[in-house]
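Just below is one structure, and these are the notes that go with it.
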Amino acid sequence: MRRRLIAALVVLSVLAAGLAAFAWQSGAFGDFDGGADFGGDSGGGYDGGGYDSYDSYDGDSGGGSGEGSAASVILGAMLVGGLLIGSAVSKRKGGATRPAGAKPTDPTTLKAPNAYLTLDPNFSEAQFKEKLANWFVQFQTCWQDKNIEPVRPCMTEAFYAQMDRQLDAYRKGRRTKMIERVAVLDVKLSGWKQENGRDVMIARLNTRFVTYTVDDQTGKILAGSQTAEKFLDYEWELVRASGRRTTPEDGLTVRSCPNCGAAIDINRTAKCPYCGSVVTVSDFDWALDAIRAISQRTVGK
């Protein structure tokens, strides 16, 4: 009987950890970090890195409201219960528990980044990594402003819609996710592949920031810390239509709206200013299609 109980508790712990990993995968720009650390080493060993630090924003697990709130409560309860149970079991065995983060893309399914030059001779790995580092900071700033329309051209339309729905919980809840001391410590390209008529590039971003959530009316801190540093390791999945090549200017300039034919500067907007049609940016250039949080490590309180 005792063995069955222990086995059941272990299964619950594993299930909770799996649900937690799923929740982090489906979070928003500012909601990939968890209240507790997860995954392996998230790059906290980086003390500088190839990119400058930026003062901007990102976040903790500032709970949701509206759609999915009930599911979040259930998942949260299962996670807490599973972690407590798993902790008790592991202490008897002298071990420690740590929830798993999202699973990185299998490297055996990817081709080396430099092999992409055979498809796009103008592709620059250095410029691409710098672009992603800049995007990360822009995303955080827009999330804090509760308006991601300015970075819409950087995302696929489906991903933009998903992020905006999640951000709406902050607007309705009158909460703001603050982020300070943001740094992109490192960007690496894991590799690329082709599927469904698209080129897919996988990148890893090691980042550091301080984050907390405040009540818009009272200014009271609802979650997070103004001093604790979070080190997060992300995997980004970027896509564009196969057959496209990088322009000499390393970006898009002016394209035509597929609906009305008007000229559109896709570097500035993904929506035609004349007829309001949304242009699918990935048809022309790289666009972010998914973010996964691989690991988190928190330093300080």
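Total residues in segment 164-189 satisfying the condition of being over 26 Å from Lys220 (Cβ atoms) and buried (at least 19 other Cβ atoms within 10 Å of the Cβ): the figure is 5.
From the list Asn147, Asn114, which residue is open to solvent by 20 Å² or more (accessible area, probe 1.4 Å) and assigned to a helix (DSSP H, G or I)? Don't jump to the end; show me each part of the working.
Values: Asn147 fails: assigned to a helix (DSSP H, G or I).
Only one candidate qualifies: Asn114.
I'd like the residue in segment 265-298 that is assigned to a strand (DSSP E or B) and open to solvent by 60 Å² or more (accessible area, probe 1.4 Å) and, out of all such residues, is modelled with the lowest pLDDT.
The initial filter retains those residues of segment 265-298 that are assigned to a strand (DSSP E or B), namely 265, 271, 278, 287-298.
Remaining after also requiring open to solvent by 60 Å² or more (accessible area, probe 1.4 Å): 271, 297.
On the way: Lys271: 66, Arg297: 93.
Selected residue: Lys271.
Scanning segment 196-228 for residues that are outside any strand (DSSP E or B) and either of a type in the set (Ser, Thr, Tyr) or open to solvent by less than 70 Å² (accessible area, probe 1.4 Å) (or both) gives Gly197, Thr218, Gly219, Ser225, Thr227, Ala228.
Just to be sure, is Thr176 farther than 30 Å from Thr108 by Cα and either among the polar types (S, T, N, Q) or not in a strand (DSSP E or B) (or both)? So that I can check it myself, show each step before the final result.
On the way: farther than 30 Å from Thr108 by Cα: yes; either among the polar types (S, T, N, Q) or not in a strand (DSSP E or B) (or both): yes.
Taking the combined requirement at face value, the residue satisfies it.
Among residues that are modelled with pLDDT of 50 or more, open to solvent by less than 60 Å² (accessible area, probe 1.4 Å), closer than 24 Å to Thr207 by Cα and in a loop (DSSP other than H, G, I, E, B), Ala102 is included.
The values are calculated or read from the model by the stated rules, or taken from the named source; none is laboratory data. Computed from a predicted structure; not experimentally measured. Glycine also receives a Cβ, built like all others from the backbone with ideal geometry; neighbour counts cover every protein chain displayed. For accessibility, only protein heavy atoms count, side chains too; no ligands or nucleic acids. Shrake-Rupley method; radii C 1.70, N 1.55, O 1.52, S 1.80 Å.
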